[in-house]
1. What is the distance in Å between the Cα centres of the stretch 49-63 and the stretch 3-30?
2. Report the label-to-label distance for Leu61 and Arg20 in nanometres (one decimal), using points 7 Å from each Cα along the Cα→Cβ vector.
3. On the Cα set of the stretch 5-56, report Rg and Dmax in Å, please.
4. 222 nm [θ] for the chain, helices only, -39500 (n - 2.57) per DSSP H run of 4+, per residue, to 500?
5. Under the rule of at least 5 residues apart or a separate chain, name every residue whose amide H is placed under 5 Å from the amide H of Leu61.
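Nothing in this text is a laboratory measurement; each read-out follows from the coordinates by a stated rule. All figures in this text were calculated on a predicted structure; none of them were measured in a lab. A quick note on method: Cβ atoms are made from the backbone with ideal geometry, for glycine too, and the neighbour counts reach across all protein chains shown.
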Amino acid sequence: MVISSLAQVHALLAELSEERALVRAWMLTGVELYLSATEACGWSDEEYEDWLAAMLQEQLLSP
């Protein structure tokens with residue numbers, strides 16, 4: 001739903017299809033990545049949230 005809304009207002013990177021954006025968001029927000037960062041790497045929830053926000057912006061949104 002969020003990706004569709006972003007696509008409708010042309011907020012996604014120009015080279016990204018809606019489907020590709022959805023896959024990127026799915027990969028970045030998976031529980032496995034969260035657990036790797038917080039449990040295996042020792043990141044705090046805040047560090048993970050900051051990193052995730054930056055990655056989602058970089059990987060999905062047009063400048």
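1. Centre-to-centre (Cα) distance: 11 Å.
2. 2.0
3. 13.1, 38
4. So the helix-based figure for the chain works out to -18000 deg cm²/dmol.
5. Residues meeting the criterion, in which the H sits 1.01 Å from N, are Leu13.
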